[in-house]
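What follows draws every value from the coordinates through simple rules; no lab data is involved. Just so we're clear, the structure is a prediction, and the values are computed from it rather than from any experiment. As a convention, Cβ positions derive from the backbone with ideal geometry for all residues, glycine included, and neighbour counts pool all protein chains shown.
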Amino acid sequence: MKQLTLNNSNETIALGERMAADLRPGDVVVLNGDLGAGKTTFTKGIAKGLGIKEIIKSPTFTIIHEYQDGRIPLYHMDA
């Protein structure tokens, strides 16, 4: 297992953006963490890397947000 320490939200977004470059249709990324751990911030980076322009919001109260305007669709779920 590899461990990374990210010092702020900009680093978290940048990591998500770099990861997005390797994502292909059908890939699943599972993020597990406490409320406020940075899961949505990381997802914002993935969305940015996919070219999604919409504002990324936490799906905590809506269960799922769908973003279709990027290189591949992004489904952001709270399950």
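For the reader, a short list of remarks on this structure follows.
- Dipole magnitude of segment 18-79, debye to nearest 20 (Cβ charges: Lys/Arg +1, Asp/Glu -1, about Cα centre): 220 debye
- Relative packing of 41-53, 61-73, which averages over residues the other C-beta atoms within 10 Å, highest first: 41-53, 61-73
- Rel. contact order, % - alpha carbon contacts under 8 angstrom, at least six apart, the chain: 27 percent
- Mean residue ellipticity, 222 nm, helices only, the chain: the sum of -39500 (n - 2.57) across DSSP H runs of n ≥ 4, divided by residue count and rounded to 500, is -9500 deg cm²/dmol.
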